[in-house]
Amino acid sequence: MNEQLLTTTASDMVKKGKGILAADESTPTAGSRLKSIGVESTFETRNEYRDMLFTAKRIEDFISGVIMFDETLRQSTTCSNKIPFVKLLNDKGIIPGIKVDTGAKNLSAFEGEKITEGLDGLRDRLKEYFNIGARFAKWRAVITIGQGIPSDLCISANAHALARYASLCQEASIVPIVEPEVLMNGSHTIEECYEVTDKTLKIVFEQLKHFNVLLEGIVLKPNMVISGLDCNEQADVETVSEMTVKCLKSNVPEAVPGIAFLSGGQTSDLATEHLNCMNKNHMESMPWNLTFSYGRALQADALKGWGGNNRELGQENLIKRAKENSLATEGNI
Ligand code: 13P
């Protein structure tokens, strides 16, 4: 474990003015994204789409790191000289990252709840990923709000897995992105989201402590505290911002260098507005940098613009979103 490398990488990932591009959709998820624009998902089309994203001019001005799926980490640019993506990103000063969980599966005996898998063999996979060039990893735990859920067991089992993953990553000198996602799906209120997010973060940090995880060498990737997608009353930007910052302040130790939100199904505009509002109102009083690690909120316009062959429009749309979110990391919109 190289502590120096871990702490430097983690703080570089959350540097002011920059955020993370989550482009780590698994092959089935990439398939449905491509299908939505009428493109068949093949090894080649996934490669072309990721090539369009990563070669966008000036992407390095706004993006500190890119999370990739196993297939993508091993792919190269589609131009004739075929530069490995890892080298392309490193040359731009962007840190390559890798999703290492193998997905959220049904939690046996707990109807409607999920547990994230992928710990078996993880130590060896991390060694290989480090050798390929990945310097950070991602593991997403999913917590669902519904009738009588989440159960305490679901939260603690997921927190335990997150902590085991984080500890293995650090052993391999790879920064773990710790992602406990309380889903937006459902009709719950923002207050219910607060309560569940508060409890989840509390238990996650307890487990990280039990497993001796170096907090200076992680990045937290939480959901924002937000109304359920089907809730009749949608909290406004100010309320989301206030409640999210309050929840983070009560649970996230100062040693953590940064917090990079997921977008989780928010519109691209709202994801930016929320981040901007939090930084505008609270940047001075927060011990950690607050930034983005968006998937859909960064890619939705780029995917549409690209449409399978319009690289220029795809890249233009990506850079526009990346730039807006970069400004939001300093509350400058
Ligand atoms: P979204 O921003 O689309 O939620 O994706 C982020 C991510 O990496 C989820 O694991």
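Beyond 32 Å in Cα-Cα separation lie the following of the pairs Lys127/Lys320; Lys18/Lys249; Lys246/Lys304; Lys35/Lys87; Lys209/Lys320; Lys199/Lys280: Lys127/Lys320; Lys246/Lys304; Lys209/Lys320.
Span-like helix criteria (full DSSP H runs; alpha carbon extent of at least 20 Å along the helix axis; mean Kyte-Doolittle hydropathy of at least -0.5) are satisfied in the chain by 152-171, 190-210, 237-251. Note on the chain: antiparallel DSSP beta bridges, both residues inside, total approximately 15 percent of the bridges counted. Summing Lys and Arg as +1 and Asp and Glu as -1 over all other residues whose Cβ lies under 12 Å from the Cβ of Gly217 gives a net charge of -3. For Cα pairs less than 8 Å apart in space and 6+ apart in sequence, what is the mean separation divided by the residue count of the chain, i.e. the relative contact order in percent? Once normalised by length, the contact order is 20 percent. Given R0 = 41 Å, the distance between the Cβ atoms of Glu284 and Asn310 translates into a calculated FRET efficiency of 0.45. Volume per residue of the convex hull around the Cα atoms, evaluated for the chain, comes out as 125 Å³.
What value, in deg cm²/dmol to 500, does the helix sum -39500 (n - 2.57) over DSSP H runs of n ≥ 4 give at 222 nm once divided by the residues of the chain?
Values: 12 runs with 154 residues, N = 333.
Rounded to the nearest 500, it is -14500 deg cm²/dmol.
Contact order, relative form, for the stretch 99-154: 42 percent (alpha carbon pairs under 8 Å, 6 or more residues apart, mean separation divided by residue count).
What is the sum of charges around Gly103, taking Lys and Arg as +1, Asp and Glu as -1, for the other residues whose C-beta is under 11 Å from the C-beta of Gly103?
Details: positive: Lys99, Lys105, Lys114, Arg140; negative: Asp101, Glu117.
With Lys, Arg at +1 and Asp, Glu at -1, the neighbours total +2.
Rounded to the nearest 20 debye, the dipole size of the chain about its Cα centre is 980 debye, using +1 on the Cβ of Lys and Arg and -1 on the Cβ of Asp and Glu.
Taking the DSSP bridge list for the stretch 6-111 and keeping only pairs wholly inside it, about 10 percent are antiparallel.
Exposed loop sites here are trypsin sites (Lys or Arg not before Pro) assigned a DSSP state other than H, G, I, E or B and surrounded by at most 10 other beta carbons within 10 Å; excluding them, the longest clear run of the chain is 83-333. Short-range pairs are left out: with C-alpha atoms under 8 Å and at least six residues apart, the relative contact order of the stretch 239-318 is 31 percent. Other residues lying with their Cβ under 13 Å from the Cβ of Val175 contribute a combined charge of -2, Lys and Arg counting +1, Asp and Glu -1.
None of the figures in this text is laboratory data; all of them are computed from the coordinates on show. Model, not experiment: these values are computed from the prediction. Backbone-built Cβ (ideal geometry, glycine too); neighbour counts: all protein chains shown.
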